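Trainee: First, the structure itself, so that you have it in front of you.
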Amino acid sequence: MKTIFEKSNNVPGITLCDEEAKMDFLDSKFFRTSEIGLPNVSELEALRHYKELSDRNFCIEKGFYPLGSCTMKYNPKVNELLASLEGFTDLHPLSDDCDCQGALELMYKLQEALKEVTGMDAVSLQPAAGAQGELTGMMVIKKYFEVKGEKRTKVIIPDSAHGTNPASAHLCGFEIVPVKSNDRGQVDTDALKSLIDRDVAAIMMTNPNTLGIFEENVLEISKIMHENGSLLYYDGANFNAIMGYSNPKLMGFDVVHLNLHKTFATPHGGGGPGAGPVGVVEKLKDFLPAPVVDFDGQKYFRNYNIKHSIGQVKAFYGNFSVLVKAYAYILMMGQNLKEASENAVLNANYLKEKLKNAYLLPYDEPCMHEFVLSGEKQKHENGVSTLNIAKALMDENTHPPTVYFPLIVHEAIMIEPTESETKDVMDDFVKVMLKIADEAKINPEKVISAPHSTPVKRIDETLAARHPNLKFVQE
Ligand SMILES: *Cc1c(COP(=O)(O)O)cnc(C)c1O
C-alpha cells in the first residue's frame with residue numbers, strides 16, 4: 001500500500017502564500033515562501049486511501065477481541081449519538097454555570113452514580129485515564145499525610161499488579177515495596193504483615209486481581225493497613241467483574257479509580273480519549289482536584305472551594321464527551337449492570353473450562369471476568385511461544401488476548417471475553433484455540449511463522465513503536 005504522499009500527483013502542491021492571502025497587518029517575514037507539501041489527491045482518492053487504512057484496522061466490530069484487562073465490550077452506538085448532540089458539542093468549557101446547567105447536571109448525576117457503584121463519598125471526573133486516576137489518587141494520599149503531619153514514604157504493591165501502579169506511585173515520589181502472591185494467586189498476607197511499618201502510606205490493589213482471581217483476604221488486608229494508619233487504593237480496571245455484587249467501600253478501600261472506557265462502555269484503543277474518575281471516602285473529600293460539580297438544591301455549579309485540593313489534573317473538567325457516553329450507558333443499563341458482571345464472569349469461566357486441558361492453567365481457581373493461561377506447555381513441548389500463538393490468532397480474525405502479563409505467569413495468555421459475546425462466538429474462539437494447540441504439535445513451523453494473512457508480518461515491536469515505518473509492506 002502506498003502512502004498518501006506517494007499517491008499524490010505531480011501538480012505543484014499548495015502554497016499558502018497567495019498574494020490575496022497576505023494581509024496588511026502581518027509582517028512579511030511571517031509569510032510562507034515555499035510549498036507546504038500537502039499531498040495532491042482528489043477528494044475521492046483521499047476517501048479511498050483512508051477507507052483502505054481503516055480496513056486494515058482490527059476493531060470490536062470486526063471480530064472477537066478478548067484482550068485481558070482491557071474489557072473490550074460492545075460500545076453502544078446510541079451513546080455516540082447522544083454525545084454528539086449540539087448542546088454538548090457546541091458548549092464552551094468556560095461558559096458560566098448558569099449557561100450550562102444541563103452539562104453540569106449530567107456530570108453531577110454521573111458523580112452520584114459512580115458514588116453509588118463504588119460506595120465512595122465523593123468523586124472527581126477529571127482524570128483522563130486509569131493511569132491518571134492512579135496518579136491523582138496517589139497525590140490525594142500524599143497530601144492527606146502531609147496535612148496530617150505524617151511522613152510516609154512507601155507504597156506496597158502486589159507483584160501481580162499492572163505496571164501503571166508502581167509507575168504512578170513512583171511518579172508521586174513514593175518508594176515501591178512489592179508484596180508477593182501466594183500459590184493461589186492472591187496477596188500473601190503473612191508477607192504483607194512483614195512489610196508493614198509506620199512509613200507505609202498505602203497499598204494499591206486490584207480486586208479481582210490481574211489473574212482474574214478475587215482477593216479473599218481483602219478485609220483482613222484492609223484491617224492490617226488501617227490499623228497501621230495506612231490507606232488502601234483500589235485499581236478499578238477490573239470493576240466489570242463485580243458491579244452490584246460488591247464495591248471497594250465494602251472491601252475497605254479509601255481511594256478508587258474507575259476506567260469508564262473499560263467498564264462503562266466508552267470506546268478505547270488507539271490511545272484515547274478515556275476517563276478515569278476517582279472516588280474517595282469522606283476524610284479524603286477535601287483533597288480532590290478542583291473543581292468538582294456540586295448542587296445547592298437549586299442549581300448545579302463548579303465548586304473550586306476545596307480546602308486541601310491537590311489542584312487541577314486535567315484541562316477544564318475531564319473528557320466531557322466520554323462522560324456523556326458513560327452516563328448514557330449507566331442510565332440504559334440500570335439494575336442490569338449487575339447482570340453484565342454476572343455474564344462477564346460466566347463467559348470467562350466457560351472459556352477457562354473449555355481451554356484448560358489444551359493450555360496450562362497455572363491458577364486453577366474459579367475466575368472472575370478473566371483468566372490467565374500459560375503457553376509454557378506449547379513452548380517446552382513444541383517450541384511454540386505465546387507470542388507465536390497470539391500471531392496465529394490474527395490469521396483467524398481474532399484479536400490476540402493480552403500476552404506476557406501479568407508478569408508472574410510465564411508465557412501468560414490473559415483472556416477476557418466480556419459479557420457482550422454470545423456462546424456461539426466463544427465456541428468459535430475455543431475451536432480456534434484448540435486448532436492452534438493442535439497445529440503447535442503437528443506443524444509447529446506454521447504457528448512459529450504466523451501471521452500469514454496480514455499485510456505486515458513480524459515487526460520489531462519496540463522499534464516500531466519508536467520509529468514507525470508507515471510505508472513498510474512485507475512480501
Ligand atoms: C487498564 C489498566 C490500568 C490503566 O488504565 P488506563 O485507562 O489504560 O490508563 C491500570 N490497571 C489495570 C489493572 C488495568 O487493566
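The values are calculated or read from the model by the stated rules, or taken from the named source; none is laboratory data. Note that the structure is predicted; figures quoted are calculated from it, not measured. Here the Cβ is made from the backbone with ideal geometry for all residues, glycine too, and neighbour counts use every protein chain on show. For the accessible areas, the whole protein counts, side chains as well, though only heavy atoms, and no ligand, DNA or RNA atoms are used. Shrake-Rupley method; radii C 1.70, N 1.55, O 1.52, S 1.80 Å.
Trainee: Could you say whether any residue in the stretch 65-76 is aromatic (Phe, Trp, Tyr), farther than 19 Å from residue 275 by Cβ, within 16 Å of the ligand (Cβ to nearest atom) and assigned to a loop (DSSP other than H, G, I, E, B)?
Mentor: Looking for residues that are aromatic (Phe, Trp, Tyr), farther than 19 Å from residue 275 by Cβ, within 16 Å of the ligand (Cβ to nearest atom) and assigned to a loop (DSSP other than H, G, I, E, B), one finds at least one in the stretch 65-76, hence yes.
Trainee: Take the residues in the stretch 186-199 that are closer than 12 Å to residue 217 by Cα and not acidic (Asp, Glu), then tell me which one is surrounded by the most Cβ atoms within 10 Å (Cβ to Cβ).
Mentor: 187
Trainee: Scan the stretch 426-444 for residues that are open to solvent by 50 Å² or more (accessible area, probe 1.4 Å) and not charged (D, E, K, R) and report the count.
Mentor: Total meeting the criteria: 3.
Trainee: Hey, does the stretch 87-94 have a residue that's small (Gly, Ala, Ser), surrounded by fewer than 24 Cβ atoms within 10 Å (Cβ to Cβ) and in contact (Cβ under 8 Å) with a residue 24 or more places away in the chain?
Mentor: Applying the first criterion (small (Gly, Ala, Ser)) to the stretch 87-94 yields 87.
After this cut, where a residue has to be surrounded by fewer than 24 Cβ atoms within 10 Å (Cβ to Cβ) as well, the list is 87.
Checking which are in contact (Cβ under 8 Å) with a residue 24 or more places away in the chain leaves us with none.
No, the stretch 87-94 contains no residue that is small (Gly, Ala, Ser), surrounded by fewer than 24 Cβ atoms within 10 Å (Cβ to Cβ) and in contact (Cβ under 8 Å) with a residue 24 or more places away in the chain.
Trainee: Just wondering, is there one or more residues in the stretch 159-175 that are touching a strand residue (DSSP E or B) at 6+ places or on another chain (Cβ under 9 Å), of a type in the set (Val, Ile, Thr) and touching a residue at least 12 places away in the same chain (Cβ under 8 Å)?
Mentor: yes
Trainee: Only one of 376, 416, 353 is out of contact with any Leu (no Cβ under 6 Å at 6 or more places or on another chain), charged (D, E, K, R), in contact (Cβ under 8 Å) with a residue 12 or more places away in the chain and not assigned by TED's automatic domain parsing to the domain that holds residue 206. Can you tell me which?
Mentor: Of 376, 416, 353, the one residue that is out of contact with any Leu (no Cβ under 6 Å at 6 or more places or on another chain), charged (D, E, K, R), in contact (Cβ under 8 Å) with a residue 12 or more places away in the chain and not assigned by TED's automatic domain parsing to the domain that holds residue 206 is 416.
Trainee: All but one of (1) within 16 Å of the ligand (Cβ to nearest atom); (2) open to solvent by less than 10 Å² (accessible area, probe 1.4 Å); (3) touching a helix residue (DSSP H, G or I) at 6+ places or on another chain (Cβ under 8 Å) hold for residue 110, so report the exception by its number.
Mentor: Failed condition: (1).
Trainee: Name the single residue, out of those in the stretch 214-230 being touching a helix residue (DSSP H, G or I) at 6+ places or on another chain (Cβ under 7 Å) and not charged (D, E, K, R), that is most open to solvent (accessible area, probe 1.4 Å).
Mentor: 217
Trainee: Within the stretch 286-300, is there a residue that is open to solvent by 30 Å² or more (accessible area, probe 1.4 Å) and within 16 Å of the ligand (Cβ to nearest atom)?
Mentor: Going through the stretch 286-300, the residues open to solvent by 30 Å² or more (accessible area, probe 1.4 Å) turn out to be 286, 294-299.
Filter once more, so that each one left must be within 16 Å of the ligand (Cβ to nearest atom): none.
Checking the stretch 286-300: not a single residue is open to solvent by 30 Å² or more (accessible area, probe 1.4 Å) and within 16 Å of the ligand (Cβ to nearest atom).
Trainee: List the residue pairs whose Cβ atoms are under 7 Å apart, where the first residue sits in the stretch 203-217 and is within 20 Å of residue 373 (Cβ to Cβ) and outside the structural domain of residue 406 (by TED's automatic domain parsing), the second is more than 10 Å from the ligand (Cβ to nearest atom) and in a strand (DSSP E or B), and the two are 6 or more positions apart or on different chains.
Mentor: Matching pairs, first to second residue: 209/158; 211/372; 212/371; 212/372.
Trainee: Moving to a separate point now. Only one of 180, 143 is farther than 27 Å from residue 362 by Cα and either modelled with pLDDT of 95 or more or within 14 Å of the ligand (Cβ to nearest atom) (or both); which?
Mentor: 143
Trainee: Counting only residues that are within 16 Å of the ligand (Cβ to nearest atom) and either part of a strand (DSSP E or B) or within 17 Å of the chain's Cα centre (by Cα) (or both), how many does the stretch 200-241 have?
Mentor: Looking only at that region, the number is 21.
Trainee: Oh, and also: Would you please name the residue that is most open to solvent (accessible area, probe 1.4 Å), looking only at residues in the stretch 151-168 that are more than 12 Å from the ligand (Cβ to nearest atom) and over 22 Å from residue 183 (Cα atoms)?
Mentor: Here the residue is 151.
Trainee: Also: Take residue 233 and tell me if it is out of contact with any Phe, Trp or Tyr (no Cβ under 6 Å at 6 or more places or on another chain), in contact (Cβ under 8 Å) with a residue 24 or more places away in the chain and either surrounded by 21 or more Cβ atoms within 10 Å (Cβ to Cβ) or charged (D, E, K, R) (or both).
Mentor: Criteria met by residue 233.
Trainee: Answer yes or no as to whether residue 370 is open to solvent by 30 Å² or more (accessible area, probe 1.4 Å) and of a type in the set (D, E, K, R).
Mentor: The answer is no for residue 370.
Trainee: Can you confirm whether the stretch 376-398 contains a residue that is under 19 Å from residue 348 (Cα atoms), in contact with a strand residue (DSSP E or B) (Cβ under 6 Å, 6 or more places away or on another chain) and buried (at least 22 other Cβ atoms within 10 Å of the Cβ)?
Mentor: No, every residue in the stretch 376-398 fails to be under 19 Å from residue 348 (Cα atoms), in contact with a strand residue (DSSP E or B) (Cβ under 6 Å, 6 or more places away or on another chain) and buried (at least 22 other Cβ atoms within 10 Å of the Cβ).
Trainee: Can you work out which of the residues in the stretch 242-269 that are within 12 Å of the ligand (Cβ to nearest atom) and surrounded by fewer than 24 Cβ atoms within 10 Å (Cβ to Cβ) is farthest from residue 120 (Cα to Cα)?
Mentor: Per the criteria, the residue is 269.
Trainee: Could you please find all residues in the stretch 122-150 being surrounded by fewer than 17 Cβ atoms within 10 Å (Cβ to Cβ) and either touching a Gly at 6+ places or on another chain (Cβ under 8 Å) or not assigned by TED's automatic domain parsing to the domain that holds residue 285 (or both)?
Mentor: 150
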